[in-house]
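The next block holds one structure in the form of structure tokens; read it before the comments.
The values are calculated or read from the model by the stated rules, or taken from the named source; none is laboratory data. In this text, all values refer to a predicted model and were calculated from it rather than measured experimentally. As a convention, Cβ positions derive from the backbone with ideal geometry for all residues, glycine included, and neighbour counts pool all protein chains shown.
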Amino acid sequence: MSIERFQKNPRMSMAVKHAGSLHISGQVPDDFEASIEEQTRQVLAKIDALLTEAGSDRSRLVSINVYLPMIMDFDAMNSIYDAWIDPENQPARACVEARLAHPSLRVEMSAIAAVE
């Protein structure tokens, strides 16, 4: 079975396609100083771009993991996430409070999607 890697760097791939699944690594925003809402928009845009590049889309998401360093951001993050997610094909999801790689990061998400 083949393995296809997307947006590789010396440390990791942003996504890996294998056996009908796309595994998207933890995505963080580009603007570390933006609001939680804007950071969430940026992360979801990155997930969208990786899905498209690999030949998938939101309707094929299987699961999403959300990491928030401050769980009090849960409602604000969800205000953006709920408008983004495919309302007919919601993935399984977990949301946990966790310290992220930089103190200004407000959200990180990883995902798994089905692909052809």
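Annotations for the structure displayed:
- Total residues in the range 12-71, condition more than 15 Å from Asp82 (Cα to Cα) and either at pLDDT below 95 or among the β-branched types (Val, Ile, Thr) (or both): 6
- Qualifying positions in the range 66-94 - within 20 Å of Phe32 (Cβ to Cβ), part of a strand (DSSP E or B) and within 12 Å of the chain's Cα centre (by Cα): Val66, Tyr67
- The set of residues in the range 25-59 that are touching a residue at least 12 places away in the same chain (Cβ under 8 Å), in contact with a Pro (Cβ under 9 Å, 6 or more places away or on another chain) and not β-branched (Val, Ile, Thr) comprises Phe32, Gln39, Arg41, Gln42, Lys46, Arg58.
- Number of the condition not met by Ile47 [criteria: (1) closer than 19 Å to Pro103 by Cα; (2) assigned to a helix (DSSP H, G or I)]: (1)
- Selection from the range 55-83 of residues that are out of contact with any Asp or Glu (no Cβ under 7 Å at 6 or more places or on another chain), among the aromatic types (Phe, Trp, Tyr) and surrounded by 17 or more Cβ atoms within 10 Å (Cβ to Cβ): Tyr81
- Long-range neighbours under 7 Å by Cβ, at least six apart or interchain, first residue more than 17 Å from Asp48 (Cα to Cα) within the range 77-106, second exposed (fewer than 10 other Cβ atoms within 10 Å of the Cβ): Ser104/Glu33
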